[in-house]
Amino acid sequence: MRALALIALVAAGCDLPGKPNPDDRPKTPDQILSFAPLFRQNCAGCHGADGQLGPAPPLNDPMFLAIISNEELTNVVHNGRAGTPMPPFAQERGGVLTDKQIKVLVDGLRAKWGDRAIAQQSLPAYAITKGEGVQSTPGSRKRGEEVFARACASCHGPNGIGVVVEGERQDAVNVPAFLALISDQALRRIIITGRPDLGMPTYAEDNQRPKDFQPLTSAEIEDLVTLLADWRATGSVVTRTAAQP
């Protein structure tokens, strides 16, 4: 009778008690094709557990995802950013991810944190394209100083040396260690998107800025990047004025 019952169970397609479930088998790293574990293992350490409040700029920022193309986002994950802590993740570049996994990450970022309404707005370009048939006005440090005084100094202090709060200087950006670890492109991105996780306004928001503040133009953003890049190249004002309140 037991044999007949066992045959009946098999014929009916029922799993035997204790039979291993193929889905429970351990996966090798390159077999993981779900966004959550890929993000947790490869991105959260720098960009934060929920895409924010990490040492690197947030990824759960709809404006960032609106201005960066899939091609560029894929390129950044694939190749990293030279001269910054962002490493290449593609296996062919010494990383740990397959092309399929990189696509899962890129698509997952948009699905989880993208916003179509923001994506449809007229926003500054993620990058200034310089190439054949494209005219681009080089940024100006002098103009950058004027823009910084109007758009940035209220939080970051004159010349980016920070502001003094309860006897301590805070929010300085004219700092060699910071500027050495961030690319010009990343500076442009942060000027456009701000740091919503840290309360830094976008290029267009007027909070903590003069009442007559107008959104920054693409040229003004380029001027700010030029100024910050020049601070990186010439050394920090902070180190020369650290003793001054």
Checklist entry - Residues of the stretch 44-82 being buried (at least 18 other Cβ atoms within 10 Å of the Cβ), in contact (Cβ under 8 Å) with a residue 40 or more places away in the chain and outside any helix (DSSP H, G or I), which ones? => result 48, 51, 57, 58, 59, 60, 61, 68
Checklist entry - Mind checking which pairs have a first residue in the stretch 198-219 that is surrounded by 12 or more Cβ atoms within 10 Å (Cβ to Cβ) and a second that is of a type in the set (D, E, K, R) and part of a loop (DSSP other than H, G, I, E, B), Cβ under 6 Å, 6 or more apart or different chains? => result 213/206
Next on the checklist: So residue 192 ticks every box in (1) in a loop (DSSP other than H, G, I, E, B); (2) within 21 Å of residue 47 (Cα to Cα) but one. Which box is left unticked?
Outcome noted: (1)
Checklist entry - Quick one: is residue 196 out of contact with any Phe, Trp or Tyr (no Cβ under 8 Å at 6 or more places or on another chain) and over 20 Å from residue 73 (Cα atoms)? => result no
Checklist entry - Limited to the stretch 198-226, what total is found for residues that are in a loop (DSSP other than H, G, I, E, B) and touching an Asp or Glu at 6+ places or on another chain (Cβ under 8 Å)? => result 1
Checklist entry - Got a sec? Which of 188, 232, 209 is in contact with a Lys or Arg (Cβ under 9 Å, 6 or more places away or on another chain), closer than 22 Å to residue 143 by Cα and at pLDDT 90 or above? => result 209
Item to check | Those residues of the stretch 159-188 which are part of a helix (DSSP H, G or I) and surrounded by 15 or more Cβ atoms within 10 Å (Cβ to Cβ), in sequence order | outcome: 159, 160, 178, 179, 184, 185, 186, 187, 188
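Would a scan of the stretch 164-173 turn up a residue that is within 19 Å of residue 85 (Cβ to Cβ), without any contact (Cβ under 8 Å) to a residue 12 or more places away in the chain and among the hydrophobic types (A, V, I, L, M, F, W, C)?
No; the residues of the stretch 164-173 include none that is within 19 Å of residue 85 (Cβ to Cβ), without any contact (Cβ under 8 Å) to a residue 12 or more places away in the chain and among the hydrophobic types (A, V, I, L, M, F, W, C).
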Checklist entry - Restricted to the stretch 83-94, and to residues that are in contact (Cβ under 8 Å) with a residue 24 or more places away in the chain and hydrophobic (A, V, I, L, M, F, W, C), which residue is farthest from residue 177 (Cα to Cα)? => result 89
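Yes or no, residue by residue, for (1) outside the structural domain of residue 188 (by TED's automatic domain parsing); (2) at pLDDT below 95; (3) within 30 Å of residue 202 (Cα to Cα):
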position: 23; (1), (2), (3): yes, yes, no
position: 36; (1), (2), (3): yes, no, yes
position: 41; (1), (2), (3): yes, no, yes
position: 55; (1), (2), (3): yes, yes, yes
position: 61; (1), (2), (3): yes, no, yes
position: 64; (1), (2), (3): yes, no, yes
position: 74; (1), (2), (3): yes, no, yes
position: 91; (1), (2), (3): yes, no, no
position: 97; (1), (2), (3): yes, no, no
Checklist entry - Can you find a residue in the stretch 143-153 that is modelled with pLDDT under 95 and either in a helix (DSSP H, G or I) or touching a helix residue (DSSP H, G or I) at 6+ places or on another chain (Cβ under 6 Å) (or both)? => result no
Next on the checklist: So, residue 198, is that one modelled with pLDDT under 95, touching a Ser or Thr at 6+ places or on another chain (Cβ under 7 Å) and farther than 19 Å from residue 124 by Cα or not?
Outcome noted: no
Checklist entry - Among the listed residues 181, 97, 109, which satisfies the condition of being under 19 Å from residue 46 (Cβ atoms), touching a strand residue (DSSP E or B) at 6+ places or on another chain (Cβ under 7 Å) and touching a residue at least 24 places away in the same chain (Cβ under 8 Å)? => result 97
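The values are calculated or read from the model by the stated rules, or taken from the named source; none is laboratory data. The structure presented is a predicted model; accordingly, all values stated were derived computationally and were not measured. No Cβ is skipped: glycine too gets one built from the backbone with ideal geometry, and neighbour counts run over all protein chains shown.
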